[in-house]
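Okay, so here's the structure we're looking at.
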Amino acid sequence: MKIALDTLYKEATKTHGNDADKAITEQIKYLSKSYTQLSSNDREPVNYKDPATRFAYVYKYVASHGDYVVQVLEVLRQKLEGRIFKTDSIRVSCVGGGPGSDIIALLKYLDERKATEKVKKVTCYLLDREQAWADTWVELDDSLQTDLVLHANFQPLDVTKPESWAQQKKFLEADVFTMSYFVSEVMALDKDGVVTKFWEKLFKEAKPGAIFIYDDNGHDTFNRYFDKQWKAAKLNCLVEATNEDFWPRYNEQKSELGEFLKKFGQQPKLKTSLTYRVLQKP
Ligand SMILES: C[S@@+](CC[C@H](N)C(=O)[O-])C[C@H]1O[C@@H](n2cnc3c(N)ncnc32)[C@H](O)[C@@H]1O
């Protein structure tokens, strides 16, 4: 995460010069305000193009969102009474995964559980409509501090634009799909059912046995919307929680955020209301 932050900070400085810190502080506010309006039908989509906004996102949300995914994987592991993955090579598709939280989480889980999880190689598709995220993560494999081999591919995909996903096939071959804080971001854009068509394709064309990890803001509007989608596809629910209190458990924050903590302040470990579902295609 520190490498991503350093890269984004340099980009923000190129774009905003001496005002970079001010721009980042404003974008931290912009994001938190935008996330309170997600269910509003007339809102503008959240815009991550500016490097100051992407810095703000990684700084403020990636560690906690990643940590929630690790916690959900741990719940699944308990339920399965053992390892989650049966093969030594897996494919993962992270829908709305541009900022990297999902893949960081999976790698962290595999590293923490390497005594029992036998995965050695992860091929990952980061699917996101914001192409600008691509630069941040595709060289992640070079900076990994684990024995895992990672092949990260960024694929531009906008769930509201069928022409961007109708012909894409490779990401559908994944063993695991992650949707972390993604459904809440696109639910209000599903006015004419175009996003529902995406869920239909995803659930229909994924392979039998594929696992879908959903976690998001614990709110009934988002819960109802997403439950309707996966139930229509007759997926099995392996583990779930609804509007449950969650705390991030990460403790590496200080070293990861480094000198930026002085500029932008420490993130308090706030309680959050989280809904998650881990689903499996029969
Ligand atoms: C709140 S972030 C979640 C990121 C990450 N999964 C996490 O948990 O931190 C939402 C992501 O969805 C992407 N996004 C927003 N609208 C999208 C769309 N219509 N199609 C694909 N990606 C979209 C954004 O670029 C952003 O990366």
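The values are calculated or read from the model by the stated rules, or taken from the named source; none is laboratory data. Worth saying up front: this structure is predicted, and the values here are computed from it rather than measured. Neighbour counts are summed over all protein chains in view; Cβ atoms, including those assigned to glycine, are modelled from backbone coordinates with ideal geometry. Ligands, DNA and RNA are stripped out before the accessible areas are found, and what is left, the full protein with its side chains, is counted by its heavy atoms. Shrake-Rupley method; radii C 1.70, N 1.55, O 1.52, S 1.80 Å.
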Tell me, in nm to one decimal, what length is gained between Ile3 and Ala115 on full extension, where the rule is 0.36 nm per residue of separation less the Cα-Cα distance? 37.6 nm
Net charge dipole size for the stretch 147-210 [Lys, Arg +1 and Asp, Glu -1 on Cβ; Debye, nearest 20]: 200
What's log10 of I(q)/I(0) for the stretch 1-106 at q = 0.10, 0.21 Å⁻¹, Debye sum over Cα points only, no solvent? -0.39, -1.12
Taking the Cα centre of the stretch 50-201 as origin and charging only Cβ (+1 Lys, Arg; -1 Asp, Glu), how large is the dipole, in debye to the nearest 20? 480
Pick out, in residue order, every one of the trypsin sites (Lys or Arg not before Pro) in the stretch 171-211 that is DSSP loop and has at most 14 other C-beta atoms within 10 Å; say none if there are none. Lys191
Around Glu173 (Cβ within 11 Å, Cβ-to-Cβ, excluding Glu173; K/R +1, D/E -1) the net charge comes to +2
Lys/Arg Cβ at +1, Asp/Glu Cβ at -1, dipole of the chain taken about the Cα centre: which of Tyr59, Val176, Ala188 is farthest positive-ward? Val176
Under a Cβ-only charge scheme (Lys and Arg +1, Asp and Glu -1), can you give me the dipole magnitude of the chain about the Cα centre, in debye to the nearest 20? 540
What accessible surface, in Å², does a 1.4 Å probe find on His219, ignoring ligands, DNA and RNA and rounding to the nearest 10? 100
Could you tell me the convex hull volume per residue, in Å³, taken over the Cα atoms of the chain? 123
Could you tell me which residue out of Phe264, Phe226, Val239 lies farthest along the dipole of the stretch 64-280 toward its positive end? Charges go on the beta carbon: Lys and Arg +1, Asp and Glu -1, centred on the Cα centre. Val239
Quick one: the Cα spread of the stretch 51-151 along its three principal axes, in angstroms, biggest first? 42, 24, 23
Regarding the stretch 140-217, what are the three Cα extents along the principal axes, ordered largest first, in Å? 45, 27, 24
The answer for trypsin sites (Lys or Arg not before Pro) in the stretch 81-140 that fall in a DSSP coil and have at most 16 neighbouring Cβ atoms within 10 Å is Arg83, Lys86, Lys114, Lys118, Lys120
Gain on full stretching of the segment that runs from Glu26 to Ala134 - 0.36 nm per residue minus C-alpha separation: 36.6 nm
